[in-house]
1. Starting with the fewest neighbours, write out Leu75, Leu42, Leu19 ranked by other beta-carbon atoms found within 10 Å of each beta-carbon.
2. Can you give the helix-only mean residue ellipticity at 222 nm for the chain, where every DSSP H stretch with n ≥ 4 adds -39500 (n - 2.57) and the sum goes over all residues, rounded to the nearest 500 deg cm²/dmol?
3. How far, in nm, would the chain grow between Met57 and Glu13 when pulled straight, counting 0.36 nm per residue and subtracting the alpha carbon separation?
4. Of the chymotrypsin sites (Phe, Trp or Tyr not before Pro) in the chain, which ones lie in a loop per DSSP and count no more than 10 other C-beta atoms within 10 Å?
5. Sorted from fewest to most neighbouring beta carbons within 10 Å, what does the list Glu3, Glu14 look like?
6. Between (i) 16, 14, 12; (ii) 18, 15, 10; (iii) 44, 23, 13, which entry matches semi-axes √(5λ) of the Cα gyration tensor in Å as derived from the coordinates of this structure?
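The numbers here are math on the coordinates, done by the rules we state, and not lab data. None of the values given here were measured: they were computed from a predicted structure. Please note: Cβ atoms are built from the backbone with ideal geometry, for glycine as well, and neighbour counts cover all protein chains shown.
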Amino acid sequence: MSETEYRNVRLTEEAYRRLESRKRPGESFSDTVERIAGERSLLDLAGILTDEEAEEMREAIEESEGRSHDRLDRLADRLDS
């Protein structure tokens, strides 16, 4: 089994506070950095949809939101009566 190697990293106070705010209970700073470093950026998604696919997705989302609003309105009407 290999021994864990450690490195010192200097952070500004602001960077430290931001990192600390992302730290989960029971998570070390190393765990936090590894988790964050593994996250994908929204920029990684740029260009994966054609304009047509993006428009279809927007329309589907709007339709779904409309159905959700309708369901909430019906539920509110039932609760009011």
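1. Leu42, Leu75, Leu19
2. Taking each H run of at least 4 residues, the total per residue is -20000 deg cm²/dmol.
3. 11.7 nm
4. Taking the chain and a limit of 10 other Cβ atoms within 10 Å, the loop chymotrypsin sites (Phe, Trp or Tyr not before Pro) found are Tyr6.
5. By the 10 Å Cβ count, ascending, the order reads Glu3, Glu14.
6. So the structure-derived entry is (iii).
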